[in-house]
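The values are calculated or read from the model by the stated rules, or taken from the named source; none is laboratory data. What you are looking at is a predicted structure, and each value in this text was computed from that prediction instead of being measured. Every residue, glycine as well, gets a Cβ built from its backbone with ideal geometry; the counts of neighbours run over all protein chains shown. These accessible areas exclude ligands, DNA and RNA; they are computed on the full protein's heavy atoms, side chains included. Shrake-Rupley method; radii C 1.70, N 1.55, O 1.52, S 1.80 Å.
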Amino acid sequence: MMTEQFVNASVTPRESLDNLSPHEVAKLQDKSQSGLYALFRQCALAVLNTGSEMDSTRKVLDKYRQFDVQISQKHRGVQLDLINAPASAFVDGEIIQGIREHLFSVLRDLLYVTDELDDCCDEMNPSESISNMVFHILRHAETLRPHVKPDLVVCWGGHSINRLEYEYTKKVGYELGLRKLNICTGCGPGAMKGPMKGATIAHSKQRITRGCYLGISEPGIIAAESPNPIVNELVIMPDIEKRLEAFVRLGHGIVVFPGGAGTAEEILYILGILLRDENAEIRFPLIFTGPAGSEAYFETVDAFIGTTLGKRAQSLYEIIVDDPHEVAHRMKQGLREVTEQRVKSGESFHFNWQLTIPLALQQPFEPTHENMAGLRLSKSLPDHELAAQLRCALSGIVAGNVKESGIRAIEEHGPFEITGEADITRALDHLLSSFVDQRRMKINHEEYVPCFRLAHPVS
């Protein structure tokens, strides 16, 4: 049954979760009525709402407030009953196949995999336990590809970018695809979609029929960044920290395009890892790139890193402007070095166990006003610890911009207050102001109201 905007339909899986026991189906039904139900509904709606130009979780939930999804049983398998679902997810009454697959990926990761993790890591320390949890989720999603030489390039960048920047991300993806490299992104629009789109054309030219376009999201962000239609493998991690760890454990190199607060958070995360002495010898190519005209953006980001974290952090990446061919060439060269190093060390190709990720970057950061005010932004900290603190600051701003919980906290208590040493807060102020001026905070370019306030810095 269909109206102008909404559809009621029952959907069954074609591959994943299509062979379950009655007991497993009953467990899924039971969990869907527990505290996970609201989260499952929100993520399912995000998948069905692919292509949306809304980047506010609240606006999406409000527009589709009559949407509902229930789990039922059919032929000893699982079925999703969709009520008032977005009509754009259907063609002539039939759900689009890619969206069907994404729906059951959400079900798999949010409800089914929970049981898989209950007993997996009890004997380990907290950091080891988190890394093993990330591994188990990725393995259950069948994203790990043993014995395949390093070829997965993670692409980070903003969901709110201009057309010139978007076309550039496609060109870089095309050059990466011509070199038979696969793409992993945050799965949303903008710089997360462009590289995948470019790579699909290149893979077609190379007659690659099983190209990997892996999207990794998390419940708090997915409604604001619905999976783009090119994603053919979707994984929903439990929180932003495990999402970030999945990127760097799976990926063999990273390309960063222009973006806003979320991209800055990702940059600070990887720098916080690579700055640690334990990771000094681990090869991990990191390239910042954008089209002609993006020089000022990268100068601002580079200056911010130099002021806060120092020259050692600046030495961990290279900046290439307006040269997709060179970006792909340098990345391919870097992946050869990654391969050689992993062969020598005996490390797996598909999951980087040797990379040390400290607990400070693994534990979920709750962006409350108290926690944001309590961040330690001081150069007395080791550079990798300061990077972790700055990462939390940017994570809180992302939450205040697009996540329902963050938006609600700002409405109730006003903007987050961030304080720290004068040099750091001035650099942060300059960075964030540049994002606002360049309209990188909102996808629809509506007037941005800052969710943060930089307090008078302490000396």
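One table, with the values for the structure above:
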quantity: D437 paired with R163, simple spin-label distance in nm, labels 7 Å along Cα-to-beta-carbon; calculated: 2.5 nm
quantity: Computed over the stretch 356-459: relative contact order in percent, which uses C-alpha pairs under 8 Å that are six or more apart; calculated: 30 percent
quantity: Among L377, I287, P358 the positive-end extreme of the charge dipole of the chain (Cβ point charges); calculated: I287
quantity: Over the stretch 332-433, volume per residue of the alpha carbon convex hull, in Å³; calculated: 162 Å³
quantity: Largest to smallest principal axis extent of the C-alpha atoms in the chain, angstrom; calculated: 64, 53, 50
quantity: Antiparallel %, DSSP beta bridges [both residues in the chain], to 5; calculated: 40 percent
quantity: Three-way shape call for the stretch 136-198 based on the alpha-carbon gyration tensor, with the a/c threshold at 1.5; calculated: oblate
quantity: Stretchable slack from I83 to V449, in nm (0.36 nm times residue separation minus alpha-carbon distance); calculated: 128.3 nm
quantity: The chain, accessible surface, carbon-and-sulfur percent (1.4 angstrom probe); calculated: 49 percent
quantity: Cα long-axis angle, helix 240-250 against the chain (0 to 90 degrees, to the nearest 10); calculated: 80 degrees
quantity: Under 17 Å from the Cα of K205 - aspartates and glutamates, other chains or at least 8 residues apart; calculated: E175
quantity: Probe 1.4 Å, all protein chains present, accessible-area order of R163, R139, R276, R391, largest first; calculated: R163, R139, R276, R391
quantity: Folded to 0 to 90 degrees: helix 37-48 orientation relative to the chain principal axis, Cα; calculated: 80 degrees
quantity: Charge dipole magnitude, Cβ of K and R +1, D and E -1 - the chain, Cα centre, debye nearest 20; calculated: 1200 debye
quantity: Helix 163-178 axis, angle to the chain major axis (alpha carbon atoms, nearest 10°); calculated: 80 degrees
quantity: Expected 222 nm ellipticity per residue - DSSP helices of 4 or more, -39500 (n - 2.57), all of the chain, to 500; calculated: -14000 deg cm²/dmol
quantity: Inter-label distance for Q206 and E318, nm, one decimal - labels placed 7 Å from Cα along Cα-to-Cβ; calculated: 1.9 nm
quantity: Among Y317, L454, V398 the positive-end extreme of the charge dipole of the chain (Cβ point charges); calculated: Y317
quantity: 27 Å Cα-Cα threshold exceeded, pairs from K149/K311; K149/K403; K193/K344; K171/K344; K242/K403; calculated: K149/K311; K149/K403; K193/K344; K171/K344
